[in-house]
1. What part of the accessible area of the chain, given as a whole %, is carbon or sulfur when the probe is 1.4 angstrom?
2. Arranged from highest to lowest average of other beta-carbon atoms within 10 Å per residue, in what order do the peptides 221-229, 153-161, 114-122 appear?
3. For segment 91-143, calculate the relative contact order in percent as a whole number, restricting contacts to Cα pairs under 8 Å that are 6 or more residues apart.
4. Between 0 and 90 degrees, rounded to the nearest ten: what's the tilt of helix 166-182 against the longest Cα principal axis of the chain?
5. How many angstrom separate the Cα center of segment 142-219 from the Cα center of segment 55-125?
6. Using the Cβ atoms and a cut-off under 15 Å, what net charge is assigned to the surroundings of residue 119, where Lys and Arg are +1 and Asp and Glu are -1?
7. Quick one: helix 234-248 against the long Cα principal axis of the chain, what's the angle to the nearest 10°, folded into 0 to 90?
8. Per residue, how much accessible area does segment 91-143 show when a 1.4 Å probe rolls over the protein heavy atoms, in square angstrom?
Amino acid sequence: MIDISNAGQVFGPAHAGGVRALDGINLAIRDREIVTLVGPSGCGKSTLLRLISGLIAPTEGTIRIDGEKVVTPRQDTGIVFQAPTLLPWATVLENVMFPSTIMGRADAAAQQRARELLKVAGIAEFANHRPRQLSGGMQQRAAICRALVHNPSILLMDEPFGALDALTREVMTIELMRIWTAAPKTIVFVTHSIPEAVILADRVVVMSPRPGRIAEIIDVNLPRPRTFALAGDPEFQRCAERIRSLIFGEQGVRFDVQH
Ligand SMILES: Nc1ncnc2c1ncn2[C@@H]1O[C@H](COP(=O)(O)OP(=O)(O)OP(=O)(O)O)[C@@H](O)[C@H]1O
Ligand SMILES: [Mg+2]
């Protein structure tokens, strides 16, 4: 469904010390697959997500979705950015409704869906508040609701749970899988948490330090539905160990990835 072919990204003029963020990325993501991206800070994870989203165009190679070259953001893609990006003057509900509003589909059904998502995210009683009245983690939960409101077939999530406390983070991870089971979609999910990467993924893409390349792709052969109780499963441990050794390898400990 998502076909990334020889994609590379150089920021700034290559001849004048441009920054190479990505190099020779080849990745085919299947319909309804959950792929997680892990790798050290600055290896190009956010950049790769922005390429898939159509927010930026690759300086090399191509990104195709259902055979069509991605040139601009698509309505059928939901995005959760690394930092919450809510409109400060709009209410939480209006923020969550935003994708439906710009598509001219802010009807009663969309509003009901928005309210249901807020309930799932545990922030229903803040529907009429402004974002500044919410904590950082609550704002991020609202941003996740916004990405889901129009039921996109592709969901791109850039460390969506990074601002959440450990407990809420586990709850949201399980909730995301429940939403995926009810309405399967293709998910590309960036995380610094190795357990989160494994528990969510059909495949974990491990990236190497800048310039970002794919170091290895790991198949996670765990049954669904999953819970964090699977962390004791040998398959979980095999995957987590493999990711750890790829990231920490011979280069010493990298403090930006959680064990
Ligand atoms: N708009 C930009 N202009 C110039 N350089 C950029 C831009 N965006 C990213 N970069 C550079 O590209 C590289 C990859 O950045 P990116 O944000 O994709 O990394 P990341 O893997 O998401 O890191 P983190 O885990 O810290 O979020 C970095 O060296 C960064 O400085
Ligand atoms: Mg990033």
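The values are calculated or read from the model by the stated rules, or taken from the named source; none is laboratory data. Quantities reported herein were computed from a predicted structural model and do not represent experimental measurements. Cβ placement follows ideal geometry from the backbone for every residue including glycine, while neighbour counts extend to all protein chains displayed. Only protein heavy atoms, including side chains, enter the accessible area calculation; ligands, DNA and RNA are left aside. Shrake-Rupley method; radii C 1.70, N 1.55, O 1.52, S 1.80 Å.
1. The nonpolar share, carbon plus sulfur, comes to 53 percent.
2. 153-161, 114-122, 221-229
3. Result for segment 91-143 is 48 percent.
4. With rounding to tens, the tilt is 80 degrees.
5. 16
6. Value of the local net charge: +2.
7. With rounding to tens, the tilt is 70 degrees.
8. Details: 2720 Å² over 53 residues.
Heavy-atom accessible area per residue stands at 51 Å².
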